[in-house]
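J.: Please see the structure below; I have some questions.
The values are calculated or read from the model by the stated rules, or taken from the named source; none is laboratory data. Just so it is clear, the model here is predicted, and its values are computed rather than measured. Glycine also receives a Cβ, built like all others from the backbone with ideal geometry; neighbour counts cover every protein chain displayed. Please note that ligands, DNA and RNA were not included when accessible areas were found on the heavy atoms of the full protein model with its side chains. Shrake-Rupley method; radii C 1.70, N 1.55, O 1.52, S 1.80 Å.
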Amino acid sequence: MRLKNGETLLNWPLALHVLTAGYYYNSGGLHQAIDLRTNQDGSIVKPVYAAEDGTVDQVQAWDGRTKTGMQSYGNMVRIRHADYGGKSLQTRYAHLSSYCVKQGEQVREGQLIGYTGQTGNVYGAHLHFEVIWGGVRRNPLVWLDDDFTTATGKEYTYGAGEHAVARPAEEEKPMEQNPMQRLCIVGEDADIRAKAEALGLSVQTVTATLIGPTSEGDAMTLWAMALVCGKEYFSRYPEEG
Ligand SMILES: [Zn+2]
């Protein structure tokens, strides 16, 4: 979100904001990203949300074994946002269990793009989140507000000249009401796929099943099926147009 004062405030990519690693690791090594806790309530699979409006400019499916090079990110999504200060601005989400966007797809801030996991080079489940400005990885915490805690319980110390983005008081503009939705279901379900196809809806499987665009009515029909068979379901923002 672009603020009136010219700053960019990114949306937290997870509902839970607990930092397990900062821009520098506790060991002092350069991480150039933040890691966020995903393990809560007995599950490591949590929805991941776009940090700002943008276009998906890279997706990567993990090959299931390689832990070096780009494959170290595992299942990964990168989004290009509007330029900031004359430079490109991108965010990256790594180690996902699945994603439900395609390269070239437009996404809205807060839109579901996938689910956390432990793919690629990981010792445990977490979300690896990068902010890339002008092609260089920056400290994501200076693009986010200060609404977070740390896994160690110690207060985070910003680097010299760094600070959180202040969230303006008047924001929280109401979400646009648009009845068209998209559904994203973890994994495959033959019954839901058959029903969606019978309703004439587009169905794709990337690493998750993507259905839509769909009307509110069709979305509710499929949601009811998903609940019955225990599938995780999340509605999505509409596509443009
Ligand atoms: Zn990381």
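J.: Efficiency by 1/(1 + (r/R0)^6): what FRET value for Tyr25 and Asp147, r their Cβ-Cβ distance, R0 = 25 Å, to the nearest 0.05?
T.: About 0.65, to the nearest 0.05.
J.: Using Cα springs under 10 Å in a Gaussian network model of the chain, which residue among Gly114, Gly29, Gly212 shows the largest mean-square fluctuation?
T.: Top of the fluctuation ranking is Gly29.
J.: Also: At a Förster distance of 41 Å, what's the computed FRET efficiency of Tyr84 paired with Glu188, Cβ-Cβ distance as r, to 0.05?
T.: 0.60
J.: Taking the Cα centre of the chain as origin, work out the dipole magnitude from +1 charges on Lys and Arg Cβ and -1 charges on Asp and Glu Cβ, in debye rounded to 20.
T.: 680 debye
J.: When the Karplus curve 6.51 cos²θ - 1.76 cosθ + 1.60 is applied with θ = phi - 60°, which whole-Hz ³J(HN,Hα) does each residue of the stretch 108-122 get, with x for Gly and Pro?
T.: 9, 4, x, 6, 5, 10, x, 9, 5, x, 9, 8, x, 8, 9
J.: Let me ask something else about it. Roughly what angle does helix 216-228 make with the longest principal axis of the chain, taking Cα atoms, 0 to 90 degrees, to the nearest 10?
T.: 90 degrees
J.: Per DSSP H run of at least 4 residues, take -39500 (n - 2.57); add these up for the chain, divide by its residues and hand me the 222 nm value, nearest 500 deg cm²/dmol.
T.: It comes out at -3000 deg cm²/dmol, rounded to the nearest 500.
J.: Whenever you get a sec, line up Tyr25, Tyr99, Tyr49 from highest to lowest accessible area (probe 1.4 Å, protein heavy atoms).
T.: Tyr25, Tyr49, Tyr99
J.: Going from most exposed to least, what order do Thr38, Thr152 have by accessible area with a 1.4 Å probe?
T.: Highest to lowest solvent-accessible surface, that is Thr152, Thr38.
J.: Round to the nearest 10 and report in Å² the accessible area of Arg137, as given by a 1.4 Å probe over the protein chains' heavy atoms.
T.: Rounded to the nearest 10, the figure is 70 Å².
J.: I would also like to ask the following. Round to the nearest 10 and report in Å² the accessible area of Trp223, as given by a 1.4 Å probe over the protein chains' heavy atoms.
T.: 90 Å²
J.: Under 5 Å between amide hydrogens, which residues at least 5 positions from Glu7 or on another chain qualify, with H placed 1.01 Å from N in the peptide plane?
T.: Close amide H contacts, sequence-distant or interchain: none at all.
J.: In bins 10 Å wide, starting from 0, what share of all Cα pairs of the chain does each bin hold, as a percent?
T.: Bins of 10 Å from zero give 7, 31, 35, 20, 6, 0 percent of pairs.
J.: Hey, another quick one. What pairs from Lys4/Lys46; Lys46/Lys154; Lys67/Lys87 go past 26 Å between their alpha carbons?
T.: Lys4/Lys46; Lys67/Lys87, as the Cα separations exceed 26 Å there.
J.: If every alpha-carbon in the stretch 18-150 counts as one equal scatterer, what log10 I(q)/I(0) does Debye give at q = 0.12 1/Å?
T.: Taken in order of the listed q values, log10 I(q)/I(0) reads -0.43.
J.: Compute the distance from the alpha-carbon center of the stretch 3-28 to that of the stretch 85-142, in whole Å.
T.: 12 Å
J.: Additional query: Leaving out ligands, DNA and RNA, and with a 1.4 Å probe, what % of the accessible surface on the stretch 18-150 is carbon or sulfur?
T.: Taking all protein chains in place, the stretch 18-150 shows 45 percent carbon and sulfur surface.
J.: Which sequence of Asp41, Asp191 reflects their accessible areas, 1.4 Å probe, from the largest down?
T.: Solvent-accessible surface, decreasing: Asp41, Asp191.
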